[in-house]
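To start, the structure under review is shown below, and the notes come after it.
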Amino acid sequence: MLFFIIFLLGLAVGSFLNVCVYRLPAGESVVSPPSHCRACGVRLGPADLIPVLSYILRRGRCRSCGAPFSARYAVVELATGALFAWCFFVFGLGPSLIKALVLTSFLVVITLIDFDHQLIYDKVLVWLAGAGVAINLSFAYAPLWGSAVTLPVGLLDMLLGAFVGGGLLLAIAVATRGGMGGGDVKFAAALGLWFGWQHTLLALFLSFLAGGLGGGVLLLLRIRKRKDLIPFGPFIAAGAFVALLYGPDIVAWYAGRFLGR
């Protein structure tokens, strides 16, 4: 039952994340005006805003003018619901789940905006960094419970994580003369505040693996051409999500396998 509730929560959050993804690049508020049809301007009512179900019942069209809505709205809602359920499966119910759901929400927004516009907005990263610091500091003073937990990240570890994450990608950006964007550098630094230095390194390592594989798939499927810019933010987000869920297990496996610990 809880699993299904978390999935439904993800659908609802995914609906809000859609708003963020479309409005932030346009410089619009994410809370005002209320949701409306971009074709005719009619305000969408509660029956129009039920995640996924409204899209299916309305056959993906506005009830007023019949203009089509992008199927991506429903896809993002379903994907967010699935990601939330995945987090619950790994962490169970507890503070660690809250941390995972908040970070996952940011990762979805950053991924989609960067894929669409090749930009990672500073205002999103400021909120990401602030949320990471606030959650980690609160964890230092609250008991952790649940079937699995994310280890708390101390202030020094947060600062080292930001320095290591941002510094590594900054070095790559300088060495490649712009091969890495400034948004990617700041994104990695913000993630360092969430993870600390060890798991930040893991997240970036995984992002490079994902970037190599994902870039090859995009080229193979002709979604991107060789001369096209392929945003790296989505791959950083993918690496961060895996590190979030399985970082301690991966680090323990590596230490046991290669360091003899």
Item to check | Under 5 Å, built H, 5+ apart or other chain: amide partners of Arg61 | outcome: Phe69
Next on the checklist: Compute the helix-to-body angle for 182-220: its Cα long axis versus the longest principal axis of the chain, expressed 0 to 90° and rounded to tens.
Outcome noted: 60
Next on the checklist: Students often check this: by mean Cβ neighbours within 10 Å, which of 84-95, 182-193, 18-29 ranks highest, and how do the rest follow?
Outcome noted: 182-193, 84-95, 18-29
Checklist outcome for this item: Between the alpha carbon centres of the stretch 148-219 and the stretch 1-40 the gap in Å comes to 27
Item to check | Contact order normalised by residue count of the chain, Cα under 8 Å, 6+ apart, percent | outcome: 18
Next on the checklist: With angles folded into 0 to 90 degrees, how steeply does helix 122-139 sit against the dominant principal axis of the chain? Use alpha carbons for both and round to 10.
Outcome noted: 60
Checklist outcome for this item: FRET efficiency (Phe89, Ala171; Cβ distance; R0 30 Å; to 0.05) is 0.25
Checklist entry - So, with +1 on the Cβ of K and R and -1 on the Cβ of D and E, and no other charges, what is the size of the charge dipole of the chain about its Cα centre, to the nearest 20 debye? => result 760
Checklist entry - Residue-wise, which Karplus ³J(HN,Hα) couplings in Hz belong to the stretch 57-66, taking 6.51 cos²θ - 1.76 cosθ + 1.60, θ = phi - 60°, and x for glycine or proline? => result 5, 8, 6, x, 10, 5, 5, 8, 10, x
Checklist entry - Which Cys in the chain stand alone, with every other cysteine's Cβ at 4.7 Å or more from theirs? => result Cys20, Cys87
Item to check | Ordering of 119-130, 72-83 by packing [mean C-beta count within 10 Å, highest first] | outcome: 72-83, 119-130
Item to check | Highest average packing first - 246-255, 170-179, Cβ atoms within 10 Å | outcome: 246-255, 170-179
Checklist outcome for this item: For the stretch 1-91 (alpha-carbon point model, no solvent) the Debye-based log₁₀ I(q)/I(0) at q = 0.12, 0.14 Å⁻¹ works out to -0.39, -0.52
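Throughout, read-outs are computed from the coordinates displayed, never taken from laboratory work. The shown structure was predicted, so the numbers you read here are calculated from the model rather than taken from an experiment. Glycine gets a Cβ as well: all are built from the backbone with ideal geometry, and neighbour counts include every protein chain shown.
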